[in-house]
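Presented below is the structure to which this report refers.
The values are calculated or read from the model by the stated rules, or taken from the named source; none is laboratory data. Bear in mind that the values here come from a model prediction, so they are computed numbers and not experimental data. No Cβ is skipped: glycine too gets one built from the backbone with ideal geometry, and neighbour counts run over all protein chains shown. Protein only, heavy atoms only, side chains kept; ligands, DNA and RNA dropped before computing areas. Shrake-Rupley method; radii C 1.70, N 1.55, O 1.52, S 1.80 Å.
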Amino acid sequence: MSKVNARRYCRTRFQILSLMILQLGLQTVEGVWPLPQTITTSTERYSLNPQDFSFHYGRYSATQQGCSVLDDAFKRYFSLIFPDYVSENGVPPSNEAKSFSLDVSVDQGDCQGYPNEDSSERYKLSVSAGHATLNAETVWGALRGLETFSQLVYQDDFGTFFVNKTEIEDFPRFQFRGILLDTSRHYLPVQVILKTLDAMAYSKFNVFHWHIVDDPSFPYQSRTFPGLSSKGAFHPMTHIYTQSDVRRVISHARLRGIRVLPEFDSPGHTQSWGKGQSDLLTPCYRAGAPSGSFGPVNPARASSYQFMATLFKEVSAVFPDSYIHLGGDEVNFSCWKSNPDVRTFMQRMGFGNDYTKLESYYMEKIVNITSALNKTAIVWQDVFDYHERRNSLSVVEVWRDGCYLCEVRRVTKAGFKVILASPWYLDKPGPTHDWARYYTVWPLAFKGTEEQKKLVIGGEVCMWGEYVDATNLSPRLWPRASAAAERLWSDEKQTSSVDQAFPRLRDFRCKLLRRGIQAEPLFVGHCRHEYQGV
């Protein structure tokens, strides 16, 4: 066979396979992303009419009408399931008795709280003729089940909506499934953050890691220290997050079962802090005299810790989550080494010339400050590597390249929880088909005991901001981040094949487009509903 004919043959086979997948999709839908733990579908299908569809609370549900999380979700998911109907008629029909109903029951009445590290996301979904039931332990699990149901609904070529007979039992493999956004290197408008939270919910991510400040800018508007943003932000009015903005993000996230985890990284990555807080950073010296430049937070001054205690008291009140990220990475010791006051402090503390001990001392003080505020500290792996007295540590985030599983093994062997980030840095541009690289990550593929592996609480996608702003965030993030989402949610053995995952991810990418998310294409092809935002 000639090369030309061979290419034609392969192309024809690919087209036939794609057609078979499409035809199969008209009969049964298994295109849920991320893949549920167990899913059984039938070719038996039922038509759905938006005028005759309703959500209901189950009779014995611990939550009933008036539950803000589910009341809001019912309206939101009606619009996602029937987008054409909502756009034409404006308002969904009331939840009166209809010919097809989805009854939602939860065991715990936790409507007024926030999702936390122990929140159950387990649910059961059963779809049969004229009726579907969704049972969950918590409202957060109910949200995941509503997302799954919304993905089971599809349209034929004539616009009729269908759902197939389905049985699902589902829960996440890992409890922590996060996305980091960096709003210091480029400011991200609040609306862009809210849109990202929407897309996170579609992929069942449950933690928004808000790397809110860093060297380039300090956009968080502090009530206690207003000078931090007025002098440290790119612009004191247009490029800041007010207290109202932060509350809006937290509220939007809560209604989608997403935790908001703030990061205030120190002692390094703090150049913007020094603009609004004098005497916080270390003055650098050259030839025995101040050079005019500044380094990390000055660990030799008691005022540094007083400032941090006051700032974190405010931050702890603003952000309700029990976790807080304290950073601790990439500290440049050269400025500390040049400063005579720091050197004197080193000798007094008995640290000699080992500046890793100085960083360890600083981080232990900061961890203790946040512990006193009933916050669980997350730190980057540098802190673990330098920390000799590790009793104060709790959660370590592994981010460095190289043998990251070796680091995971070391941290868990020491008895600390781990969040894995190393394999999921998506900030640098790359071909979309490299989603497979993020899919074929095996977080527990290290030699260790079962107890060690239980300490791996999850992972997160990191979208750093050097080359990312509102213009390219969404297509760079989606659908590649969804590959990590399935790895963190689904059973590893059932989702080990890239080839089997591809049709589902391609279908899910089209769902994202229809929901207004600018997700990049995976390969040649088209979606029935292309992106409408252009």
Discussion item. Tell me the Kirkwood radius of the stretch 259-322: reciprocal of the mean inverse pair distance over distinct alpha-carbon atoms, in Å.
Written reply: 13.1
Discussion item. Take the chain, mark every one of the GluC sites (Glu not before Pro) that falls in a DSSP loop and has at most 16 other Cβ within 10 Å, then report the longest stretch left between them, sites excluded.
Written reply: 97-329
Fill in: Separation of the Asp279 and Arg528 label points, Cα + 7 Å toward Cβ, nm
6.8
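At 0.36 nm per residue, minus the direct Cα-Cα distance, what do Tyr425 and Lys231 gain on full extension? Give it in nm, one decimal, please. Mind dumping the intermediate values first?
Working: separation 194, 0.36 × 194 = 69.84 nm, distance 3.04 nm.
Contour length minus Cα-Cα distance gives 66.8 nm.
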Worksheet item: Once fully extended, how much extra length lies between Asn116 and Gln191, figured as 0.36 nm per residue of separation less the alpha-carbon to alpha-carbon distance?
Response: 24.6 nm
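In debye to the nearest 20, how big a dipole does the chain give about its Cα centre with +1 on each Lys and Arg Cβ and -1 on each Asp and Glu Cβ?
Numbers: 59 positive and 57 negative charges, 184 e Å.
Once rounded to the nearest 20, the dipole reads 880 debye.
Quick check on the chain: helices-only [θ] at 222 nm, where DSSP H runs of length 4 and up contribute -39,500 (n - 2.57) each and the sum goes over total residues. Nearest 500, please.
Counting only the DSSP helices, I get -11500 deg cm²/dmol.
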Worksheet item: So if R0 is 41 Å, what FRET efficiency would Thr238 and Ser99 give, r being the distance between their Cβ atoms, rounded to the nearest 0.05?
Response: 0.20
Worksheet item: Which links in Lys204/Lys511; Lys204/Lys493; Lys447/Lys493; Lys75/Lys313 stretch past 25 Å when you go from one Cα to the other?
Response: Lys75/Lys313
Discussion item. Taking 8 Å as the Cα distance limit and 6 or more residues as the minimum spacing, I'd like the relative contact order of the stretch 403-534 as a percentage.
Written reply: 27
Practice prompt. Just the number, please: Stokes-Einstein D of the chain in µm²/s, Kirkwood Rh from C-alpha pairs, 25 °C, 0.890 mPa s.
Written response: 98
Worksheet item: Is any residue of the stretch 434-448 close enough, with backbone N under 11 Å, to a label point placed 7 angstrom from the Cα of Lys413 along the Cα-Cβ axis, and if so, which?
Response: 447-448
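Within the chain, what is the longest stretch that has no trypsin sites (Lys or Arg not before Pro) placed in a DSSP loop and near at most 14 other beta-carbon atoms within 10 Å? Show your work: numbers first, answer last.
Details: sites that count: Arg59, Arg223, Arg389, Arg400, Lys447, Lys493, Arg528.
Looking at the chain, 224-388 is the longest stretch - no exposed trypsin sites (Lys or Arg not before Pro) with at most 14 other Cβ atoms within 10 Å.
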Worksheet entry | Carbon + sulfur, % of accessible area of the chain - ligands and nucleic acids excluded, 1.4 Å | 51
Item to complete: Over the stretch 266-396, calculate the relative contact order: mean separation of alpha carbon pairs under 8 Å at least 6 apart, over the residue count, as a percent.
Response: 27
Fill in: Calculated P(r) of the stretch 341-435 - Cα pairs past 20 Å, %
49
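Could you check how many percent of all C-alpha pairs in the stretch 193-308 are farther apart than 19 Å?
Details: 3572 of 6670 pairs.
Counting pairs separated by more than 19 Å, the tail of P(r) holds 54 percent.
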Discussion item. One quarter of the convex hull surface, Cα atoms only: what value does that give for the stretch 236-294 in nm²?
Written reply: 5.6
Discussion item. Give me the mean projected area, in nm² to one decimal, of the convex hull enclosing the Cα positions of the stretch 136-220.
Written reply: 8.3
Worksheet item: Suppose R0 equals 56 Å; then what is the FRET efficiency for Thr43 and Trp442 from their Cβ-Cβ distance, rounded to the nearest 0.05?
Response: 0.95
Discussion item. I want the local charge near His325. Using Cβ-Cβ distances under 9 Å, sum +1 for each Lys or Arg and -1 for each Asp or Glu among the other residues.
Written reply: -3
Worksheet item: Using only Cα atoms, what Kirkwood radius does the stretch 374-487 have, in angstroms?
Response: 15.1
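Please work out how much length the chain gains when fully extended from Ser68 to Lys337, using 0.36 nm per residue of separation minus the C-alpha to C-alpha distance, in nm with one decimal.
On the way: separation 269, 0.36 × 269 = 96.84 nm, distance 5.42 nm.
Net length gain for the segment: 91.4 nm.
Please compute the volume of the convex hull spanned by the alpha-carbon atoms of the stretch 288-329 and report it per residue in Å³.
Details: hull volume 4.7 nm³, N = 42.
Given the Cα convex hull of the stretch 288-329, per-residue volume reads 111 Å³.
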Worksheet item: Calculated FRET efficiency, Lys493 and Gln51, Cβ-Cβ r, R0 56 Å, to nearest 0.05?
Response: 0.85
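Rounded to two decimals, what ratio of Rg to Rh does the stretch 111-168 give with C-alpha atoms and a Kirkwood Rh? Don't skip to the end; give the middle numbers.
Details: Rg = 13.8 Å, Rh = 12.7 Å.
Over the Cα atoms of the stretch 111-168, Rg/Rh equals 1.09.
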Fill in: Among Phe218, Thr148, Phe208 - extreme Cα towards positive end, dipole of the stretch 143-262, charges at beta-carbon
Phe218
Fill in: Under 9 Å, Cβ to Cβ, from Pro521 - net charge with Lys/Arg +1 and Asp/Glu -1
+1
Discussion item. In Å², and per residue, what accessible area does the stretch 229-322 have when probed at 1.4 Å with the other protein chains present?
Written reply: 40
Practice prompt. Measure out, as a whole number of angstrom, how far apart the alpha-carbon centroids of the stretch 151-214 and the stretch 323-376 sit.
Written response: 37
